[in-house]
Amino acid sequence: MPLTPPDTAGNPESGFTRLLTILNDLRENCPWDKKQTFESLRHLTIEETYELSDAILSNDTNEIKKELGDLMMHLVFYARIASETDTFNITDVLNSVCDKLINRHPHIYADVDVANEEDVKRNWEQIKLKEGNKSVLGGVPASLPALVKAARIQEKARGIGFDWENKSQVWEKVEEEIQEFRQEYNTEDDTVIDQDRAEGEFGDLLFSLINYARFVNINPENALEKTNRKFIKRFQYLESQAAANGKKLQDMTLAEMDVYWNEAKKL
């Protein structure tokens, strides 16, 4: 069957209609697409979200465009599946999010005054409670990675005014947690520690560091991922240089490996 050609004029309505048309064709005619369900697509959607995250961190705008397209396709796919049982359709989805945005931005679509971004966030959380959320933290997904979850929990608590007054207070908390962790995990001897208590103190320390990062406008997830990538790049340089010189890492001393590691740091 003939396909709708792409709109080179950049009309978003025609582009979205083209995606809907193609997805409907695939759902009706492709053996793989026919079999998909919410559950079968779920893990693929998660994978696509992480691929978008990778593209953003790499500042690869072409990849960002492609991954956004993949995610858009998934969203349309879910709506198509739901429409087959008259649960909802793509129009319901779009109207739902439009209604939510209008309701949660009364400073734009009603007569509420705001002074700054913090007022907007505070109103957003209060409106969510009025909509039926039992807790400010209820909207934080249980399956979020712990680092991201901690940041979202803190942001939401801040939205209703539960927060430190300034970053110096937060840093004092960080130092307090460092000392408590050190007491549980003595670095100066090999005394057996209470693993559960040490783990709890370490979690408190991480939580306080994430809190401080928020106060100085550092995204902790992005920061850690950039460090991960930096480590990988340096370690792979270490591997390649060792191999180029006919050496195996497992046969090298730490001092020998440090030579290549320091070279990588300079690069």
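The values are calculated or read from the model by the stated rules, or taken from the named source; none is laboratory data. Keep in mind it's a predicted model, so treat the numbers as computed, not measured. Note that each Cβ is placed from the backbone with ideal geometry, even for glycine, and that neighbours are counted across all protein chains shown. Quick note on the areas: whole protein, heavy atoms, side chains included, nothing else; ligands and nucleic acids left out. Shrake-Rupley method; radii C 1.70, N 1.55, O 1.52, S 1.80 Å.
See the values below:
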| read-out | value |
| --- | --- |
| Options 162, 202: the member that is in a loop (DSSP other than H, G, I, E, B), open to solvent by 80 Å² or more (accessible area, probe 1.4 Å), more than 24 Å from residue 53 (Cβ to Cβ) and out of contact with any His (no Cβ under 7 Å at 6 or more places or on another chain) | 162 |
| Residue 190 vs. criteria in a loop (DSSP other than H, G, I, E, B), among the acidic types (Asp, Glu), without any contact (Cβ under 8 Å) to a residue 60 or more places away in the chain and over 30 Å from residue 47 (Cβ atoms) | yes |
| Helices (runs of 4 or more DSSP H) fully within the range 66-157 counting 1 or more residues that are touching a Gly at 6+ places or on another chain (Cβ under 8 Å) and touching a residue at least 24 places away in the same chain (Cβ under 8 Å) | 117-130 |
| Evaluation of residue 226 against (1) out of contact with any Asp or Glu (no Cβ under 7 Å at 6 or more places or on another chain); (2) at pLDDT 95 or above (one fails), failing number | (2) |
| Residue that is surrounded by the most Cβ atoms within 10 Å (Cβ to Cβ), among those in the range 224-267 that are outside any loop (DSSP other than H, G, I, E, B) and of a type in the set (Lys, Arg) | 234 |
| Complete set of residues in the range 101-119 that are of a type outside the set (Lys, Arg), surrounded by 11 or more Cβ atoms within 10 Å (Cβ to Cβ) and modelled with pLDDT of 90 or more | 101, 102, 103, 105, 106, 107, 108, 109, 112, 114 |
| Some residue of the range 76-83 being closer than 27 Å to residue 158 by Cβ and open to solvent by 40 Å² or more (accessible area, probe 1.4 Å) | no |
